[in-house]
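The values are calculated or read from the model by the stated rules, or taken from the named source; none is laboratory data. Because the structure is predicted, anything quoted here is derived from the model rather than measured. For neighbour counting, all protein chains shown are included, and Cβ atoms are generated from backbone atoms with ideal geometry for every residue, glycine included.
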Amino acid sequence: MIKIGLGYDLHTLVPSRKLMLGGIEIPFELGEAGHSDGDVLLHAITDALLGASGLGDIGEFYPPSDDKWKNADSKDLLRYAWDKIRNDGWKLENIDCVINIEKPKILTYRKEIIKSISNILGCDENQVFVKAKTGEKIGEIGKNQAVAAWSVCLLSK
């Protein structure tokens with residue numbers, strides 16, 4: 001059996017927060033506002049994996065109303081969800097991701113982000129791909145007010 005999953009997340013960019021993408025800190029004057037560390041990419045990946053496996057979604061696993069998850073490290077959230085998914089018999093085939101952010105440019109961090117994600121999931125780096133797009137100065141992304149991420153995954157059992 002094979003299943004695909006789609007994940008999406010969006011966070012406002014604000015001063016005095018870290019910009020976390022794929023489990024690494026990207027140097028920038030703005031960071032994600034969020035209940036956890038706000039890593040939109042890891043949140044999108046977590047939702048894609050949970051959706052493909054049929055085990056739930058990130059809001060069910062980690063409700064923002066629960067103070068237990070306040071400032072949580074998204075790497076730990078993804079790791080916990082992935083352990084549940086693997087224990088249910090699923091195997092990762094691949095993940096493909098898009099980060100939508102105006103600034104900073106992500107290309108120079110891509111290899112580090114891919115390595116971080118593959119380390120969290122315990123998979124080969126060639127099973128993960130990440131690319132970035134700008135908002136072309138249009139809308140909340142283009143005006144550097146927000147960052148979004150999409151992820152699609154393929155699981156097999």
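Computed values, structure above
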quantity: Of residues in region 48-67 being surrounded by fewer than 16 Cβ atoms within 10 Å (Cβ to Cβ) and either under 18 Å from Leu92 (Cα atoms) or in contact with a Lys or Arg (Cβ under 7 Å, 6 or more places away or on another chain) (or both), the one modelled with the highest pLDDT; calculated: Gly54
quantity: 3 or more residues within 17 Å of Leu155 (Cα to Cα): qualifying strands (runs of 3 or more DSSP E) within region 1-113; calculated: 2-15, 91-100
quantity: Residue check, Val130 under 17 Å from Leu19 (Cα atoms) and surrounded by 15 or more Cβ atoms within 10 Å (Cβ to Cβ); calculated: yes
quantity: Region 36-51 residues that are closer than 19 Å to Ser65 by Cα, paired with ones that are in a helix (DSSP H, G or I) and of a type in the set (Ser, Thr, Tyr) (beta carbon under 8 Å, 6 or more apart); calculated: Ser36/Ser74; Asp37/Ser74; Gly38/Ser74; Asp39/Ser74; His43/Ser74; Thr46/Ser74
quantity: Matching residues, region 114-125, being under 15 Å from Leu155 (Cα atoms) and either exposed (fewer than 14 other Cβ atoms within 10 Å of the Cβ) or in contact with a His (Cβ under 9 Å, 6 or more places away or on another chain) (or both); calculated: Gly122, Asp124
quantity: Test: residue in region 20-31 that is among the small types (Gly, Ala, Ser), modelled with pLDDT of 95 or more and over 22 Å from Asp83 (Cα atoms); calculated: yes
quantity: Test: residue in region 118-127 that is over 21 Å from Asp76 (Cα atoms) and touching a strand residue (DSSP E or B) at 6+ places or on another chain (Cβ under 6 Å); calculated: no
quantity: Filter result (out of contact with any Leu (no Cβ under 6 Å at 6 or more places or on another chain) and acidic (Asp, Glu)) within region 74-121; calculated: Asp76, Asp83, Asp88, Asp96, Glu102, Glu112
quantity: Pair list, Cβ < 9 Å and 6+ apart or interchain, from region 111-130 residues that are free of Cβ contacts under 8 Å to residues at least 60 places away in the same chain and of a type in the set (Ser, Thr, Tyr) to residues that are surrounded by 14 or more Cβ atoms within 10 Å (Cβ to Cβ) and assigned to a helix (DSSP H, G or I); calculated: Ser118/Gln127
quantity: Only listed residue being within 16 Å of Asp47 (Cβ to Cβ), at pLDDT 95 or above, surrounded by 12 or more Cβ atoms within 10 Å (Cβ to Cβ) and touching a strand residue (DSSP E or B) at 6+ places or on another chain (Cβ under 7 Å), chosen from Ala81, Ala149; calculated: Ala149
